[in-house]
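Undergrad: So that we are looking at the same thing, I have put the structure below in structure tokens.
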Amino acid sequence: MVTAVIDGTKSIAASQLVTTPFGAHWYEFAPESLNAAQAAVQRHVAVWLWDPVIQWILLLPTWGVAGALGALFVWMGTRRRRRKYGMA
């Protein structure tokens with residue numbers, strides 16, 4: 001929500017749509033962890049995963065990535081009701 005407000009404020013000031021990529025925010029706050037994540041993915045998972053997939057995610061607006069992760073966590077944290085079958 002915070003990044004949506006920041007991008008909204010920048011957009012109003014610039015009189016055009018302005019979005020900040022997720023990778024730019026990550027690099028601004030913790031560049032060492034971004035470099036470590038790249039090295040870990042390329043070394044332990046797959047080299048091809050970083051270049052097309054994760055770089056694409058890093059170019060998405062931060063509010064979109066955070067919103068999608070938040071929705072995923074809410075979905076994973078909801079309890080599912082058990083359906084009762086039978087005569088009751």
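Where a number appears in this text, it was derived from the coordinates with a stated rule and is not lab data. On a predicted model such as this, the values are computed, not experimentally measured, just so you know. Methodologically, a virtual Cβ is constructed for each residue, glycine included, from the backbone with ideal geometry; neighbour enumeration extends over all protein chains shown.
Undergrad: Would you please calculate the Kirkwood hydrodynamic radius of the chain over all C-alpha pairs and express it in Å, rounded to one decimal? Mind dumping the intermediate values first?
TA: Details: mean 1/r = 0.0632 Å⁻¹.
Kirkwood hydrodynamic radius for the chain: 15.8 Å.
Undergrad: Counting pairs of alpha carbon atoms under 8 Å apart in space and at least six apart in sequence, what relative contact order in percent does the chain give? Display every interim value, and only then the final one.
TA: Details: 48 pairs, mean separation 30.0, N = 88.
RCO, the chain: 34 percent.
Undergrad: Evaluate E = 1/(1 + (r/R0)^6) for Arg81 and Met1, where r is the Cβ-Cβ distance and R0 equals 41 Å; express this FRET efficiency to the nearest 0.05.
TA: Details: r = 29 Å, r/R0 = 0.71.
Using R0 = 41 Å, I get an efficiency of 0.90.
Undergrad: In addition: For the chain, find the longest principal axis of its Cα atoms and tell me its angle to the long axis of helix 2-14, 0 to 90°, nearest 10.
TA: Once rounded, one gets 40 degrees.
Undergrad: Taking the Cα atoms only, what angle lies between the long axis of helix 31-40 and the longest principal axis of the chain, rounded to 10 degrees?
TA: 60
Undergrad: Ok, one more. About the Cα centre, and with charges only on the beta carbon of Lys, Arg (+1) and Asp, Glu (-1), how big is the dipole of the chain? Nearest 20 debye, please. The partial results should precede the final answer.
TA: Numbers: 8 positive and 4 negative charges, 205 e Å.
In total the dipole reaches around 980 debye.
Undergrad: Under 5 Å between amide H atoms, partner at least 5 residues away or on a different chain: which partners does Val18 have, H built in plane at 1.01 Å?
TA: The list, which skips near neighbours in sequence, is Ser11.
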